Each structure stands twice: as structure tokens, then as C-alpha cells.
Amino acid sequence: MKAPEQVIKDVMEQVTRRNPNEPEFHQAVWEVLESLTPVIEKHPEFVEAGILERIVEPERQIVFRVPWVDDNGRVHVNRGFRVQFNSAIGPYKGGLRFHPSVNLGIIKFLGFEQTFKNSLTGLPIGGGKGGSDFDPKGKSEYEIMRFCQSFMTELYRYVGADVDVPAGDIGVGAREVGYMYGMYKKLTTLYHGVFTGKGISYGGSLGRREATGYGLLYFVEEMLKDYGESIKGKTAVISGSGNVAIYAAEKAQQLGALVVAMSDSNGYIYDPDGIKLDTIKQIKEVERKRIKEYRNYHPSAQYHEGSKGIWTVKCDLALPCATQNEIDEESAKILVANGVMAVGEGANMPSTPEAIKVFQDNKVLFTPAKASNAGGVATSALEMTQNSMRLSWTFEEVDAKLKDIMVRIYRQTSKVAKDYGFEGDLVRGANIAGFLKVADAMMAQGIV
Ligand code: NDP
Ligand code: 2IT
């Protein structure tokens, strides 16, 4: 019998060899595998059943052509992806990302993370992710619609309410979900919950829009409580100004934090009196413009080019809510030097491994994405439930369930970390807790 460290090393080598040029996927896999040594020690049966080799290999990867015609009659071709990663505990579930940086490796990293995150929600959803290298920026409403329709004319074959249920992610919100849902319905004549994040008038859940950001703050609040602290009175910096960032900022403000900086991919704004969220919503949700417009409304605020600079703003709470690897070692060191108390990940894998090490070495409270941003997908599962039951819950009902789920994820993550001898290490706690449920289901279902 090989030593657990060797088992893990061998699986990782195979992942690197079999998936060349996919650094984000390697990074996500390594973070999980590295946490699993004590689990493998305790459960040699997982090794015998090839659980690790199977869990790092997507069940199915779909790559397809997405042709569309712009407003000037020019033809464009993008690439579409759907990676159906793991269905051990439920139908594939996870968002679609439209961003020029999308490639198979990015979608695989996201699908892999999603598998463990979905497990942590305690709800019956497997892991999947998809998207396209389409860039929505600067496109007209009809161009967006035609792209979404073309994307769906292929994807519709592979999804379904009990098969695979996509949702939003970067570049995909209620507008895009609406266009894709409309085409799905036309092609299949099925009116069922094949997407989440739908508009409220056609089966969407109240509270889904807010869920990822609100959930992040519920999670951080619960963690701070354990250390005799709370969000009230803290200064917060939140990167991004999309769906997750906006509702993270909203809940942070409701809980009494002063949010002083937000960003987009061009730069960040610093408003020491507190960001006016209505202005951000107007610029980002209504006008779909750049964050630098904020200064036109609030001339006393500062705008700085470059999104990375946001981590030089002094704060107690840093909440990365934009994209992967947005906090590197250098930024982490600056945050620590400026006295950051807690880092709560809203985006997927926003901190590099080196940055996480800096936070942990310096006793900064750190919440890993797959635990602290699970509120979005958890509420998606609540949307699926409502669709199946043919009823709609009130905002308050959904929000209360979300809060319960986030508190439960925090408690479970922190307990599992402690049980395995790593008290306070939520990275390990989340990886182990997320893994155990999926591994158990895979064991029960045989070698498939
Ligand atoms: P949005 O498209 O609504 O917003 C993304 C924000 O991040 C924008 O402000 C965008 O700026 C910025 N951003 C995107 N890419 C980059 C980049 N390469 N560099 C700097 N800034 C960037 O997406 P979401 O808010 O939905 O997603 C944000 C993060 O949260 C992602 O990591 C996503 O995977 C994760 N997430 C989302 C969930 C959801 O329910 N939506 C659930 C769980 C996690 P710009 O407008 O300039 O591009
Ligand atoms: O990363 C994520 O968890 C999401 N983008 C949300 C997925 C979902 O199915 O709601």
C-alpha cells in the first residue's frame, strides 16, 4: 500500500500530464488533493476504489461551435463549453461564464470547485460549469440575444431539469439566462427549471440575485462571531462591481460595515465616506458602464486605473468578488501590513496559493470560496425546488433559508477542520467536508 502522500502525488502527476496547459485546473485540484492526506490515511478504501483518480476526471466535456452574426452582418465564431464534472450527489449544477479569457481549463477548474461547493450546501446537486470565450462588452442587445440563442441551439441537447441545470457567472446574468431559457423552451417545448437565476416573472426565485453576496456576509459574520468580533464598524474593500460584489456590499452595509472601495477590470474607486451603492447599481446594472463614471456623481471620490491597486486600500475586511487569482502574494502582504483582519472569498479561487499562505501564516481569518460563496448555488437549488413544487417562496423565506445554510456550512467546515487536527483552517475543513459526501456517494454507486 502506497503512503497517502504518494497516492496524492501520483494522482496530481497524472492530472498535470493529462491536462496540459491548464494551470487554473491544476491549481484547483492541487488545493483539494493537498488537504486530503488525513482522509486517505483514514479511508484506504477510497484509494482501492480509485476515488481520487475518478473525482479529478470530468464525467463528460462538451465543446461546441457558436456562430453568430453581428449588427453589421459579419459572422463571428466563438467556442462553447459545458463540463459535466460529477453527478454522484445530484444533477450537474453550475453557472455559465461569458468572458474572453474562458477556455477548457478555466471551465474545468470551475466545475471541479463546484462539485465540492455544491456538496457543502447539503443539497442534492452535482457539479458542472460552462461558458464561452464570447466577450459581452460593447455588444448590442440584439447581438447578445443572437449569441445566447446560438449557444443554446447546441447546449439544449445536454441539459434538463433532472440532468444539468446551468445558471449565471461572469458575463451571464438574468438577461442572458432569459434569452437562453427562451430558446431552450422553443426547441424542447418543455417549461421546466432547466436554468436558475431566471427572472421572477417566469420561475426565478426571489433572493437568488442577492444570494451569493448576502451569503458571503452571513458566512463571514458567523466566523467573526467565533472570534468575539462582528462586521459592525469594520472597514471593507470589495473587488468587482458585478452581481456578487454589489450584493456583498449591500449586506456589508446593512450589517454596519463601511465599504470604501470597489472595482471593475479597468480600475477602482475609493470613497472614504462610504460607497453609494445606488450609484454603483445605476452605472453597472442599468447603464452597463465603467466604474470610473462614479466620479461624475461623487467628485470627492478617487478613481485609480488598474484593478490590482484596490488591495492597497487599508481595510479590516477584504472581500475579493471579481475573478480568479486577483490577490497574489504581493497584494496579500500589503493587506497584512495594513492590518487586514479577515479575507472572505466571494469570487471563485480569487487568492493564489501563495497569497493564502501569507494570510494563514499571519493569522488572518480566511474563508475559502467553495464554502463562503456557496450561497448562490444553494439558492439556485432552492429555485429548483420551487420550480418542481410549482410555487414561489417570499424573499424573507428564501433569505432565512440562505442564512441557515451559510451558518451550517461555516459550522460544518470549522468542525471538520478541528476534527482532523487543523483547527481554524477552513481551507482544509471545506475541502475535506465537501469531498467526504461526494466520495461516500461514489463508493455506494460502484465503479461508474
Ligand atoms: P459579473 O459579471 O456580474 O461581475 C464580474 C465583476 O468582476 C465585474 O466587475 C468585472 O469587471 C470584474 N472582473 C471580471 N473579470 C475580471 C478580470 N479578469 N480582472 C478584473 N476584474 C474582473 O460576475 P459575478 O459577480 O457573477 O461573478 C464574480 C465572481 O464570483 C466570479 O469569480 C464568479 O465565478 C463568482 N461567483 C459567482 C456566483 C454568482 O451567483 N453569480 C456564485 C459564486 C461565485 P468588468 O465589468 O470590467 O469585466
Ligand atoms: O460559481 C457559482 O457557484 C455560480 N456561478 C453559481 C452557480 C449556480 O448554479 O447558481
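The values are calculated or read from the model by the stated rules, or taken from the named source; none is laboratory data. If you're wondering where the values come from, they're calculated on a predicted model, not measured in any experiment. Glycine gets a Cβ as well: all are built from the backbone with ideal geometry, and neighbour counts include every protein chain shown.
Hey, among the residues in region 205-238 that are within 16 Å of ligand 2 (Cβ to nearest atom) and hydroxyl-bearing (Ser, Thr, Tyr), which one's surrounded by the most Cβ atoms within 10 Å (Cβ to Cβ)?
In this case the residue turns out to be Thr212.
Mind counting the residues in region 363-383 that are near ligand 2 (Cβ under 9 Å from one of its atoms) and not in a helix (DSSP H, G or I)?
Residues in region 363-383 being near ligand 2 (Cβ under 9 Å from one of its atoms) and not in a helix (DSSP H, G or I): 2 in total.
Take the residues of region 161-186 that are within 14 Å of Gly128 (Cβ to Cβ) and of a type in the set (Gly, Ala, Ser): which is farthest from ligand 2 (Cβ to nearest atom)?
Residue satisfying both the conditions and the ranking: Ala161.
Would you mind stating whether Lys363 is over 20 Å from the mean Cα position of the chain (by Cα), within 23 Å of Val260 (Cβ to Cβ), modelled with pLDDT of 95 or more and basic (Lys, Arg)?
no
Picking from Ala400, Ala441, Ala417, which residue would you name as being of a type in the set (Gly, Ala, Ser), in a helix (DSSP H, G or I), surrounded by fewer than 18 Cβ atoms within 10 Å (Cβ to Cβ) and free of Cβ contacts under 8 Å to residues at least 40 places away in the same chain?
It is Ala400.
Please find, within region 113-144, the residue that is surrounded by the most Cβ atoms within 10 Å (Cβ to Cβ) out of those that are within 15 Å of ligand 2 (Cβ to nearest atom) and assigned to a helix (DSSP H, G or I).
By that ranking, first place goes to Asn118.
Exactly one of (1) among the hydroxyl-bearing types (Ser, Thr, Tyr); (2) within 30 Å of Glu176 (Cβ to Cβ); (3) under 24 Å from the mean Cα position of the chain (by Cα) is unmet by Tyr297. Its number?
Result: Tyr297 fails condition (3) only.
Quickly run through region 239-252 and pick out the residues that are over 18 Å from the mean Cα position of the chain (by Cα) and within 16 Å of ligand 2 (Cβ to nearest atom).
Answer for region 239-252, where residues must be over 18 Å from the mean Cα position of the chain (by Cα) and within 16 Å of ligand 2 (Cβ to nearest atom): there is none.
Against the definition (polar (S, T, N, Q), more than 15 Å from ligand 1 (Cβ to nearest atom) and touching a residue at least 12 places away in the same chain (Cβ under 8 Å)), how does Ser150 come out, yes or no?
Answer is yes for this residue.
In region 199-238, what residues are in contact with a strand residue (DSSP E or B) (Cβ under 7 Å, 6 or more places away or on another chain), within 14 Å of ligand 1 (Cβ to nearest atom) and within 24 Å of Ala417 (Cα to Cα)?
Leu216, Phe219
From the list Gln360, Gln412, Gln386, which one is within 16 Å of ligand 2 (Cβ to nearest atom) and over 22 Å from Ile246 (Cβ atoms)?
Gln386
Identify the single condition in (1) among the aliphatic types (A, V, I, L, M); (2) part of a helix (DSSP H, G or I); (3) within 16 Å of ligand 2 (Cβ to nearest atom); (4) over 19 Å from Ala211 (Cβ atoms) that Leu110 does not satisfy, given that it satisfies every other one.
Tallying (1) among the aliphatic types (A, V, I, L, M); (2) part of a helix (DSSP H, G or I); (3) within 16 Å of ligand 2 (Cβ to nearest atom); (4) over 19 Å from Ala211 (Cβ atoms), Leu110 fails exactly one: (4).
Pick from region 166-198 the residues that are within 11 Å of ligand 1 (Cβ to nearest atom), of a type in the set (A, V, I, L, M, F, W, C) and not in a helix (DSSP H, G or I): which of them is nearest to Val83 (Cα to Cα)?
So the residue we want is Ala167.
Going by the conditions given, is Asp328 at pLDDT 95 or above and farther than 13 Å from Ala245 by Cβ?
Against the criterion (at pLDDT 95 or above and farther than 13 Å from Ala245 by Cβ), Asp328 qualifies.
Please work out which one of (1) β-branched (Val, Ile, Thr); (2) farther than 23 Å from Lys137 by Cα; (3) in contact (Cβ under 8 Å) with a residue 60 or more places away in the chain is the condition Ile275 fails and give its number.
Against the list (1) β-branched (Val, Ile, Thr); (2) farther than 23 Å from Lys137 by Cα; (3) in contact (Cβ under 8 Å) with a residue 60 or more places away in the chain, Ile275 comes up short only on (3).
Only one of these conditions is not met by Ser263: (1) of a type in the set (S, T, N, Q); (2) in contact with a strand residue (DSSP E or B) (Cβ under 7 Å, 6 or more places away or on another chain); (3) within 16 Å of ligand 1 (Cβ to nearest atom); (4) in contact (Cβ under 8 Å) with a residue 60 or more places away in the chain. Which number is it?
All conditions are met except number (4).
Report yes if Ile291 is within 28 Å of Glu176 (Cα to Cα), under 25 Å from the mean Cα position of the chain (by Cα), in contact (Cβ under 8 Å) with a residue 40 or more places away in the chain and surrounded by 15 or more Cβ atoms within 10 Å (Cβ to Cβ), otherwise no.
When the stated conditions are applied, Ile291 passes them.
With within 26 Å of Asn325 (Cβ to Cβ) and touching an Asp or Glu at 6+ places or on another chain (Cβ under 7 Å) as the only criterion, which of Val244, Val260 stands out?
That would be Val260, the only listed residue that is within 26 Å of Asn325 (Cβ to Cβ) and touching an Asp or Glu at 6+ places or on another chain (Cβ under 7 Å).
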